[in-house]
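Here is the structure we will look at, set down as structure tokens.
The values are calculated or read from the model by the stated rules, or taken from the named source; none is laboratory data. It should be emphasised that the depicted structure is a prediction, and the values quoted were computed from it without experimental measurement. Methodologically, a virtual Cβ is constructed for each residue, glycine included, from the backbone with ideal geometry; neighbour enumeration extends over all protein chains shown. Just the protein is used for accessible areas: all its heavy atoms, side chains included, with ligands, DNA and RNA removed. Shrake-Rupley method; radii C 1.70, N 1.55, O 1.52, S 1.80 Å.
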Amino acid sequence: MAALGLRELTPVPTALREGLLVELTGRAGGLDPRPLSVSRCQTRFDVDLDQAQRVTQTALAVFEQVSESWFEHRTRDLERLLSEAAALHEVGLFMGLSGFHKHGAYLISNCDLPGLSVQDQRALAALILCQRGRFSPERLERFRLAKAVDLRLALVLRIAIRLNRTRQ
């Protein structure tokens, strides 16, 4: 831990061998399990796939326009995270309309999503939580998601959702 500059280790419910198997059989072989996990999650929680696609396309278009000035290092990881959040932003509707963004954040935080790390799931949950309501780091801290996401990325998602409000 000292050599890596780590202050603490956090236990996770999965084992190291599972993560290694996912890495070795999935991403290295050209078969990334993350899109399948997102798709299965959409199916499980009855997400409107057309709306998710519209929001995803808009979010990536907005990201493209602001990435140079807002994000120092525009990475594929940021685009992937934004795309996954846009695809899953309505999972909380499965629980009901009232507070669906909170329900969505909870479901994504606690759902089994093979291929996504705990940090990825926390970042997705934070983005989903930020799609509505007060936009502040304090709110994220209440859900223990404060360090999980750049609020500018959440703003891009929020803009994409608003631009597709009519669902057309």
Odd one out for Val55 among (1) out of contact with any helix residue (DSSP H, G or I) (no Cβ under 8 Å at 6 or more places or on another chain); (2) at pLDDT 95 or above | (1)
Consider Ser37 carefully, then state whether it is among the small types (Gly, Ala, Ser), part of a helix (DSSP H, G or I) and modelled with pLDDT of 90 or more.
-> yes
Counting only residues that are surrounded by 13 or more Cβ atoms within 10 Å (Cβ to Cβ) and of a type in the set (D, E, K, R), how many does the range 45-61 have?
-> 2
Here the residues within the range 4-34 that are farther than 21 Å from Ser109 by Cβ and either touching a strand residue (DSSP E or B) at 6+ places or on another chain (Cβ under 6 Å) or at pLDDT 85 or above (or both) are Gly5, Arg7
Gln131: passes all of (1) in a helix (DSSP H, G or I); (2) open to solvent by less than 20 Å² (accessible area, probe 1.4 Å) but (1)
Among the numbered conditions (1) assigned to a helix (DSSP H, G or I); (2) modelled with pLDDT under 85; (3) of a type in the set (Val, Ile, Thr), tell me where Thr43 comes up short.
-> (2)
Output the number of residues of the range 85-104 satisfying the condition of being open to solvent by less than 50 Å² (accessible area, probe 1.4 Å), over 12 Å from Phe45 (Cα atoms) and modelled with pLDDT under 90.
-> 1
Restricting the range 125-155 to residues that are modelled with pLDDT under 70 and touching a Lys or Arg at 6+ places or on another chain (Cβ under 6 Å), which is nearest to Ser83 (Cα to Cα)?
-> Ala148
So which of Val62, Val118, Val91, Val66 ends up being in contact (Cβ under 8 Å) with a residue 24 or more places away in the chain and touching a His at 6+ places or on another chain (Cβ under 9 Å)?
-> Val91
Here the residues within the range 62-84 that are surrounded by fewer than 13 Cβ atoms within 10 Å (Cβ to Cβ) and either over 16 Å from the mean Cα position of the chain (by Cα) or on the phi > 0 side of the Ramachandran plot (or both) are Glu64, Gln65, Glu68, Ser69, Glu72, His73
